[in-house]
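*Asks:* Following this message is one structure expressed as structure tokens.
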Amino acid sequence: MDLSDGHRATNRALTARSRSRIKRLRRDPVAYALVERFAAQRRIGLRNLLQGTRGIGNAAVNRQIAMYLVHVLLGRPQDVVGHLFVRERTTVSYACAAVEALREEDPFLDAELAQIEAEGWSVFAALEIRDAA
């Protein structure tokens, strides 16, 4: 069950730091929607994607993929993606390179990301830019 704060139901309440990280991502509504969609598909909470540590299980890899999607599909510069995820630009750069390598090695991941790309997220980003002008 997804809660309005963008995280899966758990026994733990959101901390102030978690709320702050989710709030930061919400400042970019299209990026937030994309990350929320990806998190739902992967069945991982936004809290895990946005936390400051590596996280549990495969949260770090999922975070790298989410950063990659925001950068590639929405055309957000790496420093902006870093700000949204509370990471350094170099971390985003590393994540993008790692995901590109994973896509070449894993046809299932490549198909999953191709499906997300086919949903037209770049169109949302283009409309957003046009409306801002």
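The values are calculated or read from the model by the stated rules, or taken from the named source; none is laboratory data. It should be emphasised that the depicted structure is a prediction, and the values quoted were computed from it without experimental measurement. Every residue, glycine as well, gets a Cβ built from its backbone with ideal geometry; the counts of neighbours run over all protein chains shown.
*Asks:* Under 9 Å by Cβ, and 6 or more places apart or on different chains, what pairs join a residue from the range 89-100 that is at pLDDT 95 or above with one that is hydroxyl-bearing (Ser, Thr, Tyr) and crowded, with 16+ Cβ neighbours inside 10 Å?
*Replies:* Correct list of pairs: Val92/Tyr68; Ala95/Tyr68; Cys96/Tyr68; Ala98/Tyr68; Val99/Tyr68; Glu100/Tyr68.
*Asks:* Quick check on the range 120-133. Is at least one of its residues modelled with pLDDT of 95 or more, part of a helix (DSSP H, G or I) and small (Gly, Ala, Ser)? Don't jump to the end; show me each part of the working.
*Replies:* Filtering the range 120-133 down to residues modelled with pLDDT of 95 or more leaves none.
Looking for residues that are modelled with pLDDT of 95 or more, part of a helix (DSSP H, G or I) and small (Gly, Ala, Ser), one finds none in the range 120-133, hence no.
*Asks:* Could you list, in sequence order, all residues of the range 77-111 that are among the charged types (D, E, K, R) and crowded, with 16+ Cβ neighbours inside 10 Å?
*Replies:* Arg87, Arg103
*Asks:* Determine which member of the set Val72, Val86, Val99, Val80 is in contact with a Lys or Arg (Cβ under 8 Å, 6 or more places away or on another chain) and not charged (D, E, K, R).
*Replies:* Values: Val72 fails: in contact with a Lys or Arg (Cβ under 8 Å, 6 or more places away or on another chain); Val99 fails: in contact with a Lys or Arg (Cβ under 8 Å, 6 or more places away or on another chain); Val80 fails: in contact with a Lys or Arg (Cβ under 8 Å, 6 or more places away or on another chain).
Step by step, each of Val72, Val86, Val99, Val80 is checked, and only Val86 is in contact with a Lys or Arg (Cβ under 8 Å, 6 or more places away or on another chain) and not charged (D, E, K, R).
*Asks:* May I ask you to list the residues in the range 74-96 that are part of a helix (DSSP H, G or I) and in contact with a Leu (Cβ under 8 Å, 6 or more places away or on another chain)?
*Replies:* Leu74, Leu84, Phe85, listed by residue number.
*Asks:* What number goes with the only condition from (1) in a helix (DSSP H, G or I); (2) touching a helix residue (DSSP H, G or I) at 6+ places or on another chain (Cβ under 8 Å); (3) at pLDDT below 95 that Ser20 does not pass?
*Replies:* (2)
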